[in-house]
1. From the backbone phi of segment 126-138, what are the Karplus-calculated ³J(HN,Hα) couplings (6.51 cos²θ - 1.76 cosθ + 1.60, θ = phi - 60°) in whole Hz, Gly and Pro given as x?
2. If every alpha-carbon in segment 111-165 counts as one equal scatterer, what log10 I(q)/I(0) does Debye give at q = 0.18 1/Å?
3. Given all pairs of different Cα atoms, what value in angstroms does the Kirkwood hydrodynamic radius of segment 7-153 take?
4. Starting from the 7 Å offset along Cα-to-Cβ, what nm value, one decimal, do you get for the label separation of Thr148 and Ala43?
5. Compute for segment 1-74: radius of gyration divided by Kirkwood radius, i.e. Rg/Rh, restricted to C-alpha atoms, rounded to two decimals.
6. For Ile88 and Ala22, what is the calculated FRET efficiency with R₀ set at 41 Å and r taken between the beta-carbons, to the nearest 0.05?
7. Tell me, what ³J(HN,Hα) does each residue in segment 71-76 have, in order and in whole Hz, if you take phi through Karplus 6.51 cos²θ - 1.76 cosθ + 1.60 with θ = phi - 60° and put x for Gly and Pro?
8. Calculated FRET efficiency, Gln161 and Val104, Cβ-Cβ r, R0 30 Å, to nearest 0.05?
Amino acid sequence: MGTVVDDAASVEFHAFFERHYAELSRLAHLLTGEADAADDLAADALLALWHRWDRVRAADHPVAYARGVVANLARTRIRSAVRERRRIALFWSQREERTENPDVAGVVDVQEALRRLPFRKRACVVLRHAFDLSERDTALALGVSVGTVKSQTSKGMAELQRLLGPRAAPRMHAAMARTGDAAGRDR
């Protein structure tokens, strides 16, 4: 059961939320250019404000403080997106542009089989075999250990072999490389 001060703070925060949520969401949208992310950023900012509500409500300009929190969250989101785009560009720039005599059916089969793998196995297999990344570079890209990359790649390749059949195994690596090339051209 809350105290009178806690109840008053809760009512005060609720009123602040109702008054400023739409404005903070609009600010997030204008800063990031992402309408879908704007509501999430505003909600995250207000959650952070609630955790520090005693300090925020004592500030001279609580709305300015809230805007600053939204701006910082938006900046973090933009920086993350830029880093991710750079990683993707680096991976794609290392691939050849053309493939001689593509095995279109093989590529389609491999892409379908890849879609059936759980995300982590799929990511390890694709980064290791379609992008020719080392285990270490794959681990860095995914934020996991090298051991996880080894086990997930091994399990993913075994599952692909099971899905594609034993006769498809010799062609799987070649089709995997072509899958990476085709995906790069489609983007």
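1. Once rounded to whole Hz, the list reads 5, 5, 6, 9, 7, 10, 6, 7, 6, 4, 5, 5, 5.
2. The Debye formula, applied to the Cα set alone, gives -0.49.
3. 18.9 Å is the Kirkwood radius here.
4. In this crude label model, Thr148 to Ala43 measures out at 2.5 nm.
5. On the way: Rg = 12.7 Å, Rh = 12.5 Å.
Taking Rg over the Kirkwood Rh, I get 1.01.
6. Values: r = 34 Å, r/R0 = 0.82.
Step by step, r from the Cβ atoms, then E = 0.75.
7. The phi angles translate into 4, 5, 5, 5, 4, 4 Hz.
8. According to the calculation, E is roughly 0.90.
Computed from the coordinates by the stated procedures, all read-outs in this text should not be read as laboratory data. Note that the structure is a prediction, hence the values are computed from the model and not measured. As a convention, Cβ positions derive from the backbone with ideal geometry for all residues, glycine included, and neighbour counts pool all protein chains shown.
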